[in-house]
1. What is the extension gain from residue 393 to residue 27, computed as 0.36 nm multiplied by their sequence separation minus the C-alpha to C-alpha distance, in nm to one decimal?
2. With label points built 7 Å along Cα→Cβ from the Cα atoms of residue 132 and residue 313, find their separation and express it in nm.
3. Would you pull out the residues with amide H under 5 Å of residue 241's amide H, same chain only if 5 or more places away, H placed 1.01 Å from N?
4. Give me the net charge of residue 291's neighbourhood, meaning all other residues with Cβ under 12 Å from the Cβ of residue 291; Lys, Arg count +1, Asp, Glu -1.
5. Given H placed 1.01 Å from N in the peptide plane, which residues other than close sequence neighbours of residue 83 have an amide H under 5 Å from its amide H?
6. Under a Cβ-only charge scheme (Lys and Arg +1, Asp and Glu -1), can you give me the dipole magnitude of the chain about the Cα centre, in debye to the nearest 20?
7. Which ³J(HN,Hα) values in Hz, rounded to whole numbers, follow from the phi angles of the stretch 306-320 under the Karplus curve 6.51 cos²θ - 1.76 cosθ + 1.60, where θ = phi - 60° and Gly and Pro get x?
8. Working with all protein chains in place, sort 271, 61 by solvent-accessible area computed with a 1.4 Å probe, largest first.
Amino acid sequence: MFELLLCSMLTVLPDYLFRRYAQGKRIGHDITLYTVWYELRWGITACLVLTISLITMIFYFHPSTKSVTAVFRTVTILPETVGRVEEVYVGINQRVEAGAPLFRLDGSQQEAALETARRRIAEIDAGTAVAQTELAGADGQIQEAQGAYQMAVDEYEMKAQLLKSDAVSRREVERLKTSIDSRKGAVDAALAKKRTLETQISALLPAQKASAEAAQAQAQVELDKTLVRAGVAGSVQQFGLRPGDIVNSMLRPAGILVPTAAGRVALIAGFGQIEAQVMKPGMIAEATCVGKPFTIIPMVVTVVQDVIAAGQLRATDQLVDVQQMSQPGTLTVFLEPLFPGQLEGIPPGSSCIANAYTNNHDALADKNISTPRWIYLHVVDAVGLVHAMILRMQAVMLPVQTLVLSGH
């Protein structure tokens with residue numbers, strides 16, 4: 001309507017004034033409903049052409065969309081294990097801080113595994129003490145075996161000397177020689193036993209203790225998993241958990257945690273694909289939301305998604321018919337407020353209306369710009385005022401449309 005009125009003031013109105021005052025034609029006599037087309041045909045035609053051109057220019061260089069939402073993501077409250085709820089610490093719509101406990105599962109099995117690991121560590125410590133005692137006993141056995149060996153050697157040497165004078169029998173000497181070998185084997189066995197005990201104390205038992213400590217740490221981790229905490233600060237929603245309920249990480253979540261900053265950082269808008277060449281990061285934008293009427297929020301385009309979600313292809317066991325993707329998708333654009341705190345008071349998930357404005361200030365500042373292009377860029381920037389006026393009218397009429405004209 002604004003465009004039509006503006007264009008008519010440049011075309012139909014001058015044509016009418018010329019015929020009324022320059023040619024002396026009067027309404028109701030020379031200019032009637034039957035002759036208005038013939039008399040004002042040039043002005044009407046020019047008005048329609050100019051209106052269509054102006055609307056096209058406004059909507060192309062200053063795009064608008066009603067597909068704007070304060071999108072937010074929730075965090076599903078899920079345990080890392082399946083179990084029965086034993087205690088619940090929070091209620092519905094309660095605000096929690098990051099790390100606050102939400103509920104606890106039955107951890108009797110995990111506690112038993114933890115106690116078993118502790119007992120195993122104590123058992124290994126006791127085994128280490130016993131091995132050290134046996135090591136001290138092994139030193140005594142080595143000394144005893146070495147003494148017996150030395151005695152056998154001395155007796156053999158003595159009997160060997162007496163054998164020359166036939167004072168002892170040869171069989172006795174041979175028996176003593178065999179006894180020396182036996183004593184030598186006893187010494188070697190005692191030394192081997194000592195080395196075995198030393199290896200147990202220095203390598204085997206520490207390795208077993210490290211494994212038991214790792215099992216204890218794993219059991220502690222499994223026990224800690226039974227206490228579910230809030231990963232981020234936010235409010236708990238759809239949390240009807242009660243002691244005795246079974247919670248499954250795959251099938252039965254406990255509830256939803258809405259982060260505090262969710263939906264309060266940026267707006268996500270879907271513009272038409274035809275604006276893909278116009279939408280650029282850094283463009284100034286404005287938005288008005290249903291959750292905060294009568295308010296225009298200055299925004300800036302921060303991210304323009306370089307793909308269209310409607311063309312997404314996911315591999316399945318069926319061939320994709322391209323006709324199923326014929327519905328044109330939108331260009332996803334992220335809008336952030338120019339000043340901090342401007343999205344306060346807007347509930348996450350609110351629907352909004354947004355305009356983006358093309359800015360040709362840098363091009364106009366170029367000293368080598370031609371006059372026709374200078375005029376054209378000035379016109380492009382100036383017609384953005386029309387869209388800004390429309391957005392403000394929508395901000396004023398939004399409560400009326402929502403509360404009165406929507407069927408309430």
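1. Numbers: separation 366, 0.36 × 366 = 131.76 nm, distance 3.42 nm.
Contour length minus the Cα-Cα distance gives 128.3 nm.
2. Going by the 7 Å Cα→Cβ label model, 7.1 nm.
3. Amide H neighbours of residue 241: none.
4. On the way: positive: 264, 292; negative: 344.
Net charge around residue 291: +1.
5. Amide H neighbours of residue 83, under 5 Å, 5+ apart: 247.
6. On the way: 36 positive and 39 negative charges, 226 e Å.
With only Lys, Arg, Asp and Glu charged at Cβ, the dipole is about 1080 debye.
7. 8, 9, 9, 5, 5, x, 5, 10, 10, 5, 9, 8, 10, 6, 8
8. Numbers: 271 0, 61 45 Å².
Ranked from most to least accessible, the order is 61, 271.
The values are calculated or read from the model by the stated rules, or taken from the named source; none is laboratory data. None of the values given here were measured: they were computed from a predicted structure. Every residue, glycine as well, gets a Cβ built from its backbone with ideal geometry; the counts of neighbours run over all protein chains shown. The protein model used for the area step is the full one, side chains on, heavy atoms only, and it has no ligands, DNA or RNA in it. Shrake-Rupley method; radii C 1.70, N 1.55, O 1.52, S 1.80 Å.
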